[in-house]
Amino acid sequence: MKHLPLALAALILASTATAQAPHHRAAPEGMALQPVASDLAAEFGAQLNAYRKSKGRSPLTVAPGLERAAADHADDMAKKGYFSHKGRDGSTPEVRINRRGCSGRTAENIAGGYPSVSAVMKGWRKSKLHNENLLQSEVRYFGIAKVGDKWVLNLASNC
């Protein structure tokens, strides 16, 4: 898979997975689903990597599989009106990340109601567990998505 340099992380999990090619699914009516290698990923990655650098951590690279896993979960939460790390299909972040071909050390941060990348980053930095995910030294890749007011960040060590 092609990876673009960038950055990303709140529930810490570990796993192994099989690869599956990403696909594009329509967002709920009136909600824009961010595309792979999006402007959102570039903006978020720049802020995340600057934060990681300030804390002595190496930068992360955006991974299309993690973007798809994040977009799938954000889309599901927005369409079905819930907010949880557990998917309505019973899936965990680890399972969703593995479905998209990423594995190893994995993590997920979710948020709701933040109007911008800066605001969601500030919120995650203030939360102990979310902040730990942002600064995990084991992860190398990230994917970010926002559907409606639902934000999902996925992180993994292998993609």
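All of the numbers you see were taken from the coordinates with simple rules; none came from a lab. On a predicted model such as this, the values are computed, not experimentally measured, just so you know. Note that we place each Cβ from the backbone using ideal geometry, even for glycine, and neighbour counts take in every protein chain shown.
Numbers below:
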| read-out | value |
| --- | --- |
| Surrounding net charge for Ser116, when Lys and Arg each add one and Asp and Glu each subtract one, Cβ distance under 12 Å | 0 |
| Reachable aspartates and glutamates, given that their alpha-carbon falls under 12 Å from the alpha-carbon of Lys150 and they are not under 8 places away in the same chain | Asp72, Asp75, Asp76 |
| FRET efficiency, Phe83 to Lys53 (Cβ-Cβ, R0 41 Å, nearest 0.05) | 0.85 |
| Lysines whose Cα lies under 16 Å from that of Lys126, excluding same-chain neighbours fewer than 8 positions away | Lys55 |
| Whole-Hz ³J(HN,Hα) from phi, Karplus 6.51 cos²θ - 1.76 cosθ + 1.60, for region 103-115, glycine and proline x | 7, x, 6, 10, 7, 9, 10, 10, 7, x, x, 7, x |
| Relative contact order (%) - region 77-153, alpha-carbon pairs under 8 angstrom, separation at least six | 34 percent |
| Global geometry of region 37-159, whether rounded, prolate or oblate, following the gyration tensor of its Cα atoms and the 1.5 cut on a/c | oblate |
